[in-house]
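All remarks here apply to the structure that follows.
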Amino acid sequence: MHPFAYVEPKTVKEAVAALSKYGDKARPLAGGTDLLVQTRAGRFNLDAVVNLKKIPELMSVKLDANGLEVGAAVPCYRVYEDPKVSAAFPGLIDAASLIGGIQIQSRASMGGNLCNSSPSADATCPMIVHNGVAVIAGPKGTRKVAIEEFCTGPGKNALAAGEFVVTLQFPKPSPTFGAAYERFIPRNEMDIAVVGVASSVTLDAAGKTIKNARIALAAVGPIPIYAVAASEWLKGKPANEASIAQAAAMAKAAARPITDMRGTIEQRKHLVEVLARRTLTKAIERARGK
Amino acid sequence: MVATFEPKKTYKVIGTRPIRHDGYDKVTGRALYGADLKLPGQVWGAVLRSPYAHANITRMDTSEAEKYPGVLAVVTAKDMPKAESKMVDLGEGTVNEKHEVDRIMASDKIVFRGQPVAAVAAVDRNTAEEAVKLIRVEYQPLQPVLTVEEAMAKGAPIILPDLVGDDLGEKVKKTNMAKHFRHEFGDVEKGFSQAKHIVERTFKMSMTHQGYIEPHNAVAMWDEDNRLRIWTGTQGAFAVRKQMAGILKLDESRVKVTPMEIGGGFGGKIPVYLEPIAALLSKKCRRPVKLVMERKAVFESTGPAPGGTLRVKVGVDASGKITAAASDMKLEAGGFPGSAVGAAAMCIYSPYNIPNTTIDGWDIVVNKPKSAPYRAPGAPQAHFAMESVIDELCEKGGWDPIDFRLKNSAKEGTRRGDGVKFGSIGNVDVLKAASRSPHWKSVLNKDTTDGKKRGRGIASGYWFNIGLKSAVTLSANNDGTVSLVEGSTDIGGSRASIAMQAAEVLGIPALDVRPTVADTEGVAYNDVTGGSRTTYATGFAAYEAAIKMVEELKARAARIWNQDPSDILFKDGVFSAKKDSELRLNFKELSKKLGETGGPVTVTGSVDLSTGGGAYGAHIVDVEVDTETGKVEILRYTIVQDVGKAIHPSYVEGQMQGGVVQGIGWALNEEYFMTKEGTMANSSFLDYRMPTTLDLPKIETVIVEVFNPGHPFGVRGVGEVPIAPPIAAIGNALHDALGVRLVETPFKPGRIMEALEAQSKAAAVKPKR
Ligand SMILES: Cc1cc2nc3c(=O)[nH]c(=O)nc-3n(C[C@H](O)[C@H](O)[C@H](O)COP(=O)(O)OP(=O)(O)OC[C@H]3O[C@@H](n4cnc5c(N)ncnc54)[C@H](O)[C@@H]3O)c2cc1C
């Protein structure tokens, strides 16, 4: 392993300074469950590792009338163990509670999951369907990027030199909102998604018609895919099996998978349809308060 | 051993479940493994491995690495003693010396990806790892040969130019076929002509890795007096000594090997990998050098179980009797010859009595890691093929799978597929116990509300188990305990099972026998912990030593009491005089008096057992399949196995369950996923999917005890039989659930979906009547 400096900023400003100083030879450290493994495997030759966990904003969870703001380095368990958060943000909870196992969840953050920018990341798609936004700090100040626009390629994202994610913001869902995330893995845990699908819906007051929907696909393209056509099509459609089936078929069409050791193109496309159907069904049930 | 033993009804120690002697150290983290070792002056090494699966090395330049600050030594194949292309015995059958040396460090040609080409020793691990990257190697890449079919195709690239193949006794040059043998009995043509049902199928299997948690490790110190010390996690310290002496051309007595605690081996820790490299580095820098593998290197360059292609044809007459069987097994040896195909041939027909049989076995060289033993080497492959065909025949003839197996069961005197006649074996008992098991008697509810499908499967399996050489020393301590020194590294609780056999004879509690696994100078020769031989053979040696100790202690009691030694009785741990009932001393009391009666008492037992106790298992499994995704859930699993005698039932159950778990992994997800360049794409535990606890039901165990007359307590081997049947059992259960026959491992979700798709396509084109 290449020798590196370990930097521990206490403020956002100090962190920006440290990251700017080392440029692309520095990496922020949240839970380290990706970073340490990848560094040891020789993926990076770092000069500096910048620990973000001593910065208060990155470790706080705020839930108020506007919605939820999660510090980018908050470990998953703090998200799913908060009863209020877990009641309002079911899609996030599905993801936070299935990343790795208990040990991993006590370190791994949703911010790290997003910034690692793997197409198979389990938290990114649920964040998309919860209309998430990343709050980014950098040398030029602060800016916001919608989650579906954050990843730009496998391991690549919208962050410029010296920038990092401070918090993740999610608007408060309406009472008729429901979301779900499911992934397909050959085993039952400790595995990487062959395919993942997150779906969310907002129903009308009667729970019969879909007012808004979002579907996002993991591990079927170079980035997590926001399935726009399928999502838009669902608007105004009845919340029934036929609509779900049609949207699932459209989601399948949006998938651009490859064949590799985890699955084939055919298998993955098929799984998108199956999981889109399952997650839409679950999201509707949840929206109806079931 | 000519002696035969009779079963005894009651034991004091055997059959009980004491805590294990090494338990405290293991749960408190104090047990010392190879990676824990830190000797004074110790430095670190790193190994450079080939990125190609098949290539010629055209140039190598180590000068940059040598100049790197902190580097103490650099070695390449040039530092290895010159090896000739001749057959030598390094303790595991004969091997070509040049192949063995090239496997450790390639001299001119790369035959598998991950093959070492150079190594560095440096002041610390990071320096060594950075320095090794500075070694420049130029390769001329060659077309990799990745399957037995590719290897045997006309015009295939030749992997080992010096390989002389043996085709039924004839020498063949310019070949990738190392060996082709045949076992033939009766008249198969006639046998098949008597058959009413014949099933013939071809099966394909992927390489699988043992997946032990502890990666390979070695520390070596080669001193100025040309003495070599090795500390390593190994299944056999003496096997390491022999390999080291052979590869490095040293007298065996110059090599001292200390076996550290071992975190799993399953056969994979019999060959040496890092030890000779660490030794050469140490020879150059005269410091203890430590090497520890990364998981990627473990997958890419240590020995997995061979994959390959197996064809089996079986005929059954109208009455349900097997009339003939013919099989052809081509297994992947890896980059050098030596797959487990010979053992596969010993197992394939073993559950059955078949009058007419042929077996063709092929050992084929391919550009993959050199295969190594993996728990019942060859048996899972052979039984997968055979038991799948048997299942299909039972379905065709409408026979109950247990009744069919009972009707055709091998018994004492039946001839095995390779010609050996069975002694006392327990297949019938196992099958009967399986039919009485709660699992088999239960009805599998096939109605699911969520569209999932369920099925049940059963399969048999066999492993011959070996005997070989073991030695044990017992010394009496004056507090009434006994020190037991053995040379069998303890992988699965064998300290306990060996100590218990001595304790039974000595009439003392199991924990009063204190076992130690010694280095190669602390105990006489021991064969490896492998072949399920340890509790059987080393336990036998412990029994012999304990008998001698009782005799010696009788003599001591006789001296104290002024009696004739032949007048001393020993029963239930108490010594007494035949002629004076007042004279009694228990083991502990007598132990205190050893100093006054002739000094310390130490005895040895040693055995060389030509055979082990072959044993059978029958496995029953219920599966559930999500037909939308192809995912398989194991709902229930029961393993029934003849163990001879369960010395420590908990560890016997643990072995049975462990074998099943590995078999489930092998069946469902584990594979070497090779790119066309010959790279294993999934060389990490992220993508090499072994089952976790969440993928497994509680595995129910049924211990059957059919006494082995070749052992004082009736022990047979236990650890390997349980991995023989699971692949077939699960394949048969999937067939029951889905109606498709899976002929390629692993039965991963994508493959199940493809099979279901083919099934529905076939149904669609069938003309409707
Ligand atoms: C055993 C195991 C199991 C796993 N299982 C899963 C799983 O089931 N699903 C899944 O999706 N992942 C899984 N992972 C991967 C990993 O745990 C997740 O991606 C996790 O969410 C990463 O979070 P972290 O806080 O540990 O990130 P880190 O490792 O600290 O960081 C990840 C990357 O993001 C960068 N980074 C971190 N924080 C920021 C920030 N605020 N701003 C900018 N860049 C930042 C880092 O430099 C690094 O490149 C697993 C990993 C392991 C070791």
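The values are calculated or read from the model by the stated rules, or taken from the named source; none is laboratory data. In this text the structure is predicted, and so the values were computed from the model without any measurement. Neighbour counts run over all protein chains shown; Cβ positions are idealised from the backbone, glycine included. Only protein heavy atoms, including side chains, enter the accessible area calculation; ligands, DNA and RNA are left aside. Shrake-Rupley method; radii C 1.70, N 1.55, O 1.52, S 1.80 Å.
Summary of values
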read-out	value
Selected residue [among the polar types (S, T, N, Q) and surrounded by fewer than 24 Cβ atoms within 10 Å (Cβ to Cβ)] from B:Asn226, B:Asn217	B:Asn226
Residues of region A:1-38 classified as assigned to a loop (DSSP other than H, G, I, E, B), away from chain B (no Cβ under 14 Å) and either free of Cβ contacts under 8 Å to residues at least 12 places away in the same chain or surrounded by 21 or more Cβ atoms within 10 Å (Cβ to Cβ) (or both), total	2
Flag if A:Ala198 is more than 16 Å from the ligand (Cβ to nearest atom) and buried (at least 18 other Cβ atoms within 10 Å of the Cβ)	no
Subset of region B:310-325 (residues that are open to solvent by 20 Å² or more (accessible area, probe 1.4 Å) and in contact (Cβ under 8 Å) with a residue 60 or more places away in the chain)	B:Arg311, B:Lys313, B:Asp317, B:Ala318, B:Lys321
Checking A:Ala137 against (1) open to solvent by 10 Å² or more (accessible area, probe 1.4 Å); (2) away from chain B (no Cβ under 14 Å); (3) within 14 Å of the ligand (Cβ to nearest atom), the condition it does not meet	(1)
Selection status of B:Val74, touching a helix residue (DSSP H, G or I) at 6+ places or on another chain (Cβ under 6 Å) and crowded, with 20+ Cβ neighbours inside 10 Å	yes
Of residues in region A:159-201 being out of contact with any helix residue (DSSP H, G or I) (no Cβ under 7 Å at 6 or more places or on another chain) and not in a loop (DSSP other than H, G, I, E, B), the one nearest to the other protein chains (Cβ to nearest Cβ)	A:Arg183
Answer residue from region A:41-61, given it is part of a loop (DSSP other than H, G, I, E, B) and under 14 Å from A:Pro75 (Cβ atoms) and is least open to solvent (accessible area, probe 1.4 Å) among those	A:Leu52
Neighbours by Cβ (under 7 Å, 6+ apart or cross-chain): first from region A:55-75, of a type in the set (S, T, N, Q); second open to solvent by less than 40 Å² (accessible area, probe 1.4 Å) and at pLDDT 95 or above	A:Ser60/A:Gly71
Failed condition for B:Asp695, given (1) of a type outside the set (Lys, Arg); (2) within 20 Å of B:Gly308 (Cα to Cα); (3) surrounded by 22 or more Cβ atoms within 10 Å (Cβ to Cβ); (4) within 14 Å of another protein chain (Cβ to nearest Cβ)	(2)
Residue match in region A:93-108 (condition: assigned to a helix (DSSP H, G or I), more than 14 Å from chain B (Cβ to nearest Cβ) and more than 11 Å from the ligand (Cβ to nearest atom))	yes
Unique residue being open to solvent by 50 Å² or more (accessible area, probe 1.4 Å), in contact (Cβ under 8 Å) with a residue 60 or more places away in the chain and touching a strand residue (DSSP E or B) at 6+ places or on another chain (Cβ under 6 Å) when the list is B:Ala46, B:Ala31, B:Ala35	B:Ala35
Helices (runs of 4 or more DSSP H) wholly inside region A:224-290 containing at least 1 residues that are open to solvent by less than 10 Å² (accessible area, probe 1.4 Å) and within 14 Å of chain B (Cβ to nearest Cβ)	A:241-254, A:265-287
Matching option when the condition is buried (at least 20 other Cβ atoms within 10 Å of the Cβ) and under 22 Å from B:Ile547 (Cα atoms), among B:Arg495, B:Arg514, B:Arg456	B:Arg495
Failed criterion for B:Lys631 (all others in (1) open to solvent by 20 Å² or more (accessible area, probe 1.4 Å); (2) over 28 Å from B:Glu504 (Cα atoms); (3) touching a Pro at 6+ places or on another chain (Cβ under 7 Å); (4) more than 12 Å from every other protein chain (Cβ to nearest Cβ) hold)	(4)
Pairs with Cβ under 6 Å, 6+ apart, first in region B:594-605 and assigned to a helix (DSSP H, G or I), second of a type in the set (Lys, Arg) and open to solvent by 70 Å² or more (accessible area, probe 1.4 Å)	B:Thr597/B:Arg559
Hits in region A:72-92 - residues which are within 11 Å of the ligand (Cβ to nearest atom) and not in a helix (DSSP H, G or I)	A:Ala72, A:Ala73, A:Val74, A:Pro75
Options B:Ile703, B:Ile723: the member that is modelled with pLDDT of 95 or more, surrounded by fewer than 22 Cβ atoms within 10 Å (Cβ to Cβ), more than 11 Å from chain A (Cβ to nearest Cβ) and within 22 Å of the chain's Cα centre (by Cα)	B:Ile703
Residue count, region B:649-679 (criterion: free of Cβ contacts under 8 Å to residues at least 12 places away in the same chain and either more than 13 Å from every other protein chain (Cβ to nearest Cβ) or not in a loop (DSSP other than H, G, I, E, B) (or both))	0
Unmet criterion (only one of (1) open to solvent by 50 Å² or more (accessible area, probe 1.4 Å); (2) part of a loop (DSSP other than H, G, I, E, B)) for B:Gln140	(2)
Among the residues listed as A:Phe164, A:Phe177, the single one being of a type in the set (Phe, Trp, Tyr), within 14 Å of the ligand (Cβ to nearest atom), out of contact with any His (no Cβ under 8 Å at 6 or more places or on another chain) and modelled with pLDDT of 95 or more	A:Phe164
The one condition in (1) out of contact with any strand residue (DSSP E or B) (no Cβ under 9 Å at 6 or more places or on another chain); (2) in contact (Cβ under 8 Å) with a residue 12 or more places away in the chain that B:Asp400 fails to fulfil	(2)
Residues being among the charged types (D, E, K, R) and within 21 Å of B:Tyr672 (Cα to Cα) - total across region A:249-265	2
Residue satisfying condition, being farther than 16 Å from A:Ala193 by Cα, near the ligand (Cβ under 8 Å from one of its atoms) and buried (at least 19 other Cβ atoms within 10 Å of the Cβ), within set A:Cys115, A:Cys151	A:Cys115
Long-range neighbours under 7 Å by Cβ, at least six apart or interchain, first residue touching a residue at least 12 places away in the same chain (Cβ under 8 Å) within region B:478-504, second buried (at least 24 other Cβ atoms within 10 Å of the Cβ) and of a type in the set (Asp, Glu)	B:Ile498/B:Glu486
